[in-house]
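Participant: Quick one: the structure is below, questions incoming.
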Amino acid sequence: MSQGVRTRPEGSGQALSEAYDTALLDLDGVVYAGGDAIAHAVESLAAAREGGMRLAYVTNNALRPPDAVAGHLGELGVPAGAEDVITSAQAVARLIGEQVPAGARVLVIGGEGLRVALRERGLTPVESADDDPVAVVQGYGGPDLTWSRFAEASYAVARGVPWFASNTDLTIPSGRGIAPGNGAAVEVVRIATGKEPQVAGKPLPPMHKETIIRTGAERPLVVGDRLDTDIEGAFNGEVDSLLVLTGVTDGPQLLAAPPRHRPTYVDADLRGLLTGQPEITEEGRGFGCGGWTATAGADRLELDGDGAALDGLRALCAAAWTAAGDGSCTLDGGKALARLGL
């Protein structure tokens with residue numbers, strides 16, 4: 001990973017699947033949304049694997065155990081075993097296991113993925129605050145998780161039982177749009193108790209630790225759709241990242257990204273694994289990519305030229321991030337982005 005403040009997306013003369021040995025792929029918003037494969041994902045992953053890149057699926061969604069996730073990927077046409085899936089449930093179970101005795105009872109607020117991960121660590125899942133748990137763990141439990149489960153967590157946490165969360169993503173992509181994520185549920189318990197959980201998932205170190213332990217990656221590339229989890233997690237782990245625009249991040253958010261949210265590469269979807277990345281050049285006061293030149297004006301970002309929309313976006317990132325330095329760009333990029341259809 002480049003040192004210092006990133007001021008532009010980087011170029012690559014090699015296909016990313018050749019430059020890196022392992023892709024650490026987010027799932028929701030990258031490989032699938034709402035259970036269906038995202039366009040170009042299946043064939044792009046197959047080509048990357050055939051070219052020798054290892055594929056590891058790293059998700060903050062703690063709902064399903066790894067074998068269920070692998071089974072779903074297989075149904076979509078993506079060959080994967082349970083060993084290829086790393087979840088925030090596994091990361092939080094390791095975090096808990098490092099702090100409580102073997103066999104300890106842990107109150108579970110979430111889905112089967114959490115229970116499987118706790119048992120893997122030799123811990124005992126329980127369902128009630130009255131079962132004498134020594135820890136509470138909260139993870140995404142799907143749309144049918146009942147309000148009474150949040151109350152159960154609140155009872156235990158208010159009594160002083162240590163509280164852990166698999167992740168704090170406020171939203172999660174679905175086939176119908178953006179839905180509340182585990183972070184929204186964590187906020188319910190935080191409001192009720194005034195307490196703070198220990199969090200394992202992206203972008204925090206426990207998730208990166210879990211991923212490296214399980215994959216053994218030496219030249220990993222984080223691939224994700226979220227700036228505040230996937231890209232920040234790569235930044236914290238000091239590894240390179242590819243942002244794909246198939247999930248929750250839009251053009252204005254990318255241009256306003258502070259240093260910890262700036263990806264190494266930007267592409268439309270997972271086809272970006274199979275190609276090199278264009279260089280961004282300095283052109284006078286501006287930055288060029290493809291047929292575009294982007295400059296930072298007094299109050300807005302300017303874009304001149306023509307060509308592929310992604311190249312224009314990359315040039316705009318260079319202009320915006322350079323102008324912002326170690327902060328967030330506040331220049332208006334709306335007109336430039338509209339010209340690109342973004």
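The values are calculated or read from the model by the stated rules, or taken from the named source; none is laboratory data. Fair warning: this is a prediction, and the values are worked out from it, not measured in the lab. Virtual Cβ from ideal backbone geometry, glycine too; neighbours counted across all protein chains shown.
Participant: Among the residues of segment 256-299 satisfying the criterion of being more than 16 Å from Leu227 (Cβ to Cβ) and of a type in the set (S, T, N, Q), which is surrounded by the most Cβ atoms within 10 Å (Cβ to Cβ)?
Facilitator: Gln277
Participant: Same structure, new question: Before we move on, is Glu302 more than 20 Å from Arg226 (Cα to Cα), assigned to a loop (DSSP other than H, G, I, E, B), touching a residue at least 24 places away in the same chain (Cβ under 8 Å) and not hydroxyl-bearing (Ser, Thr, Tyr)? It would help to see each step written out before you state the result.
Facilitator: Working: more than 20 Å from Arg226 (Cα to Cα): yes; assigned to a loop (DSSP other than H, G, I, E, B): no; touching a residue at least 24 places away in the same chain (Cβ under 8 Å): yes; not hydroxyl-bearing (Ser, Thr, Tyr): yes.
Taking the combined requirement at face value, the residue does not satisfy it.
Participant: Now for a different question. Quick check on segment 40-51. Is at least one of its residues out of contact with any helix residue (DSSP H, G or I) (no Cβ under 9 Å at 6 or more places or on another chain) and modelled with pLDDT of 95 or more?
Facilitator: Filtering segment 40-51 for residues out of contact with any helix residue (DSSP H, G or I) (no Cβ under 9 Å at 6 or more places or on another chain) gives 46, 50.
This time we only want the ones that are modelled with pLDDT of 95 or more, so: 46, 50.
Within segment 40-51, one or more residues are out of contact with any helix residue (DSSP H, G or I) (no Cβ under 9 Å at 6 or more places or on another chain) and modelled with pLDDT of 95 or more.
Participant: Mind checking whether some residue in segment 327-337 is buried (at least 20 other Cβ atoms within 10 Å of the Cβ), closer than 16 Å to Gly251 by Cβ and in contact with a Ser or Thr (Cβ under 8 Å, 6 or more places away or on another chain)?
Facilitator: Within segment 327-337, not a single residue is buried (at least 20 other Cβ atoms within 10 Å of the Cβ), closer than 16 Å to Gly251 by Cβ and in contact with a Ser or Thr (Cβ under 8 Å, 6 or more places away or on another chain).
Participant: Provide a single number: the residues in segment 18-39 that are under 19 Å from the mean Cα position of the chain (by Cα), of a type in the set (D, E, K, R) and not in a loop (DSSP other than H, G, I, E, B).
Facilitator: Result for segment 18-39: 2.
Participant: What is the number of the single condition among (1) surrounded by 16 or more Cβ atoms within 10 Å (Cβ to Cβ); (2) at pLDDT 95 or above that Ala82 does not meet?
Facilitator: (1)
Participant: Another question about this same structure. Does Val248 count as outside any helix (DSSP H, G or I), outside the structural domain of Ser154 (by TED's automatic domain parsing) and under 11 Å from the mean Cα position of the chain (by Cα)? Write out each step before concluding.
Facilitator: Numbers: outside any helix (DSSP H, G or I): yes; outside the structural domain of Ser154 (by TED's automatic domain parsing): yes; under 11 Å from the mean Cα position of the chain (by Cα): yes.
Criteria met by Val248.
Participant: While we're on this one: In segment 40-71, how many residues are closer than 30 Å to Ala165 by Cα and either assigned to a loop (DSSP other than H, G, I, E, B) or under 19 Å from the mean Cα position of the chain (by Cα) (or both)?
Facilitator: Let us first name the residues in segment 40-71 that are closer than 30 Å to Ala165 by Cα, namely 41, 54-71.
Right, trim to either assigned to a loop (DSSP other than H, G, I, E, B) or under 19 Å from the mean Cα position of the chain (by Cα) (or both) and you get 41, 54-66, 69-70.
So the count comes out to 16.
Participant: Only one of these conditions is not met by Arg54: (1) within 27 Å of Ala179 (Cα to Cα); (2) touching a strand residue (DSSP E or B) at 6+ places or on another chain (Cβ under 6 Å). Which number is it?
Facilitator: (1)
Participant: So which helices (runs of 4 or more DSSP H) stay within segment 79-167 end to end and still have 3 or more residues that are without any contact (Cβ under 8 Å) to a residue 60 or more places away in the chain?
Facilitator: Numbers: elements: 88-97, 112-120, 147-158.
In segment 79-167, 112-120, 147-158 are the helices (runs of 4 or more DSSP H) which contain 3 or more residues that are without any contact (Cβ under 8 Å) to a residue 60 or more places away in the chain.
Participant: Does segment 172-207 hold any residues that are of a type in the set (A, V, I, L, M) and closer than 15 Å to Val248 by Cα, and which are they?
Facilitator: As a first pass, look at segment 172-207 and keep what is of a type in the set (A, V, I, L, M): 172, 178-179, 184-186, 188-189, 191-192, 199-200, 204, 207.
Passing the criteria: Ile172, Ile178, Ala179.
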